[in-house]
There are 2 protein chains.
Amino acid sequence: MVKKKDFVTIKDVAKISGYSINTVSRALGNRGYVKRETKEKILKVASELGYMRNCAASALRTKRSHIVGVVVVDNTNPFYAEVIKGVELEAKKYGYTIILINTDRSYENEEKAIEILLQRRVEGLIITAVQTKNDDLKRLVDEKIPNVIIGSKFDELVTNYVCSDDEKGGYLAAKHLLENNHKKLLLVNAEKYKYASKMRELGVRKAISEINVSAKLEVIYSKDGFDNGYDTFVKFIEKNKTKFEYDGIICYNDVYAFAVMKALKERGIRIPDDVSIVGFDDIYFSSIVEPSLTTVRTDKPKLGAEAFRILMNNIESGSVTELTLPVELVVRNSTIKR
Amino acid sequence: MVKKKDFVTIKDVAKISGYSINTVSRALGNRGYVKRETKEKILKVASELGYMRNCAASALRTKRSHIVGVVVVDNTNPFYAEVIKGVELEAKKYGYTIILINTDRSYENEEKAIEILLQRRVEGLIITAVQTKNDDLKRLVDEKIPNVIIGSKFDELVTNYVCSDDEKGGYLAAKHLLENNHKKLLLVNAEKYKYASKMRELGVRKAISEINVSAKLEVIYSKDGFDNGYDTFVKFIEKNKTKFEYDGIICYNDVYAFAVMKALKERGIRIPDDVSIVGFDDIYFSSIVEPSLTTVRTDKPKLGAEAFRILMNNIESGSVTELTLPVELVVRNSTIKR
DNA sequence: GTGAAAGCGCTAACAC
DNA sequence: GTGTTAGCGCTTTCAC
């Protein structure tokens with residue numbers, strides 16, 4: 001282990017400037033009474049010496065680390081990437097930094113991540129939950145460790161939540177198709193246990209019951225990710241060997257939509273001529289793919305930024321907030337009037 | 001500010017277990033001599049009390065934070081997202097966590113990010129540099145603060161580097177087109193000052209000089225990102241009002257390639273029938289777009305993982321490493337034999 | 001306004 | 001093997 005140069009401490013600044021450690025601390029921390037002139041002198045010495053405060057030390061003393069933990073399923077997923085960015089940007093404004101940990105959809109990893117972050121004494125956690133189990137989250141709530149959950153809700157856990165309006169989103173997607181005279185819908189949903197999956201399906205069904213009860217709806221459920229979505233969908237259409245019989249497909253999210261589009265193209269089924277596709281999230285590539293994807297847009301950076309702000313409120317005042325952000329339908333070229 | 005429950009400390013564990021603080025510390029830290037039996041008792045008490053080590057405290061004492069700072073241009077860029085993931089995964093194995101900061105392509109932000117991370121006493125930094133200026137990096141090197149730079153090199157800075165073989169990549173892309181009888185190439189490159197931009201262009205030129213010196217090459221330079229790439233390219237082809245005259249386009253990266261593809265499609269120029277397109281990076285969506293993109297694949301998670309490992313080596317032994325990772329051409333449907 | 005002294009939770013040296 | 005003591009760099013009383 002290479003010897004590392006010691007950093008300049010407040011003590012060094014005190015010695016050189018001739019003031020006490022304490023006065024230096026106050027001057028540097030903009031806190032308590034310090035004569036203007038004294039402060040200037042101290043700041044000068046500090047900057048000359050290249051002083052940099054040691055956050056770990058002040059965190060230890062003040063019990064405020066100014067760090068928040070961010071636990072996500074997968075930071076390479078464009079949706080989470082944007083959420084993370086939202087958190088990071090907002091955190092920066094408040095003088096906070098974020099420690100990022102991926103769980104790769106594993107509950108055990110989620111549990112471990114939380115453990116690690118607590119050891120680091122993060123002031124709070126922002127979590128996009130794996131949702132297969134939630135004992136780890138329950139523990140946070142029980143121990144009153146500030147936390148915000150993004151993108152899902154658990155009835156049994158009273159805590160801070162930030163979600164998109166998933167039900168409304170499902171509703172808008174289905175409404176768009178129904179109003180454009182689609183009659184045979186397929187919903188390629190995520191796994192049933194997921195909150196967003198349930199809500200989006202609810203919205204779809206509501207639209208049907210309101211707008212056209214005679215429209216047909218079939219629902220299939222797929223694990224997360226492009227490959228799983230592709231496999232599930234392909235298996236489904238291969239089983240129904242007869243002609244492909246849907247005129248509109250609503251997908252759990254844009255990545256699923258891409259998978260569906262790929263499978264359809266491979267089979268010579270044209271989009272949107274033969275079948276319309278609607279996605280969810282409006283990730284970056286949705287406007288680029290061919291045809292560009294009609295989708296329900298969620299405000300991902302805002303999801304992150306609001307989560308951070310709610311976390312701060314929770315830390316400061318103990319307030320508990322459930323926030324649902326609006327969604328909007330973005331119509332592009334993957335859907336058509338029939 | 002809500003009062004927060006104090007965490008259990010080593011002192012509490014000492015009191016309850018009847019051993020000294022020190023013995024407890026050793027037992028919990030797996031360090032020094034502790035009788036097996038004693039250790040078990042202590043661990044039992046610790047777990048009953050819900051003890052969790054305070055990393056900030058031990059970091060202060062040992063001067064090892066077990067944190068590394070990760071500074072990227074933009075975590076939502078699929079390339080960086082994968083690099084980050086590689087770092088994070090590797091860091092986890094070593095018991096490290098990462099603090100992530102975005103710079104949004106601003107040198108000032110990069111400088112600030114480094115400042116913040118140093119205050120947090122990260123053990124080292126992994127940086128994808130903005131490259132417009134590098135005084136901040138120079139400072140790191142001068143002050144011997146462990147750091148690894150990903151994706152670019154600076155002649156004047158002797159430090160750790162991890163890059164993909166950009167020159168080889170450019171070479172492979174051009175070779176592929178030339179060998180498939182393309183004669184009029186366009187390189188849509190990133191800004192000239194960028195390391196990867198220079199190297200990739202070098203590779204392209206080398207291929208031409210080796211394989212077909214009579215092939216034409218034009219180069220245009222664009223700022224980063226889809227929108228900039230699109231604008232630059234459109235402006236370029238609008239200027240050349242005559243018929244579009246290239247039979248192969250090599251793009252700085254896949255995102256540029258998507259932008260180019262979009263602009264071409266809008267003008268009824270067919271890919272690959274009229275013009276072939278080659279990208280760089282092989283991000284996730286490159287296999288999904290239509291037509292799927294021929295591209296030079298870089299191993300992004302490995303770039304991150306290796307950067308972390310090199311950082312560890314540098315911290316432990318002071319070793320300085322420059323690593324270039326191999327690239328490979330992935331041929332898909334955006335290129336064709338002429 | 002400024003300084004002295006205590007202590008955050010932990011680990012390292014050194015006794016015993 | 002275990003305990004005593006000091007101290008990492010900072011902030012927080014509380015004197016003066």
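The values are calculated or read from the model by the stated rules, or taken from the named source; none is laboratory data. Since the structure is predicted, the reported quantities are computational estimates derived from the model, not experimental observations. Glycine also receives a Cβ, built like all others from the backbone with ideal geometry; neighbour counts cover every protein chain displayed. For accessibility, only protein heavy atoms count, side chains too; no ligands or nucleic acids. Shrake-Rupley method; radii C 1.70, N 1.55, O 1.52, S 1.80 Å.
Just a few scattered comments:
- Scanning the stretch A:132-158 for residues that are open to solvent by less than 30 Å² (accessible area, probe 1.4 Å) and part of a loop (DSSP other than H, G, I, E, B) yields A:134, A:145, A:146, A:151, A:152, A:154, A:157.
- Of all the listed residues (B:11, B:4, B:15, B:44), the sole one being assigned to a loop (DSSP other than H, G, I, E, B), of a type in the set (Lys, Arg), more than 9 Å from DNA strand D (Cβ to nearest atom) and closer than 26 Å to residue A:144 by Cβ is B:4.
- Only residues that are surrounded by 12 or more Cβ atoms within 10 Å (Cβ to Cβ) and part of a loop (DSSP other than H, G, I, E, B) were counted across the stretch A:21-36, and they come to 1.
- You will find that of A:74, A:12, A:104, A:6, the residue that is of a type outside the set (Val, Ile, Thr), touching a Phe, Trp or Tyr at 6+ places or on another chain (Cβ under 8 Å) and within 11 Å of chain B (Cβ to nearest Cβ) is A:74 and no other.
The rows are residues; the columns are (1) out of contact with any His (no Cβ under 8 Å at 6 or more places or on another chain); (2) charged (D, E, K, R); (3) in the same structural domain as residue A:171 (by the TED database).
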| residue | (1), (2), (3) |
| --- | --- |
| A:264 | yes, no, yes |
| A:270 | yes, yes, yes |
| A:277 | yes, no, yes |
| A:292 | yes, no, yes |
| A:305 | yes, no, no |
| A:312 | yes, no, no |
| A:322 | yes, yes, no |
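- Whether a residue is more than 14 Å from DNA strand C (Cβ to nearest atom) and either under 30 Å from residue A:51 (Cβ atoms) or not in a helix (DSSP H, G or I) (or both) was assessed, and residue B:116 passes this test.
- Filter result for residue B:114 (farther than 26 Å from residue B:12 by Cβ and either open to solvent by 30 Å² or more (accessible area, probe 1.4 Å) or at the interface with chain A (Cβ under 7 Å from one of its Cβ atoms) (or both)): no
- The set of residues in the stretch A:284-328 that are open to solvent by 40 Å² or more (accessible area, probe 1.4 Å) and under 19 Å from residue A:78 (Cβ atoms) comprises A:284, A:287, A:290, A:297, A:299, A:301, A:302, A:328.
- Number of positions in the stretch A:267-280 that are within 14 Å of chain B (Cβ to nearest Cβ) and open to solvent by less than 10 Å² (accessible area, probe 1.4 Å): 2
- Residue count, the stretch A:159-186 (criterion: aromatic (Phe, Trp, Tyr) and open to solvent by 10 Å² or more (accessible area, probe 1.4 Å)): 1
- Residue, surrounded by the fewest Cβ atoms within 10 Å (Cβ to Cβ), within the stretch B:77-95, restricted to residues that are in a loop (DSSP other than H, G, I, E, B) and within 10 Å of chain A (Cβ to nearest Cβ): B:95
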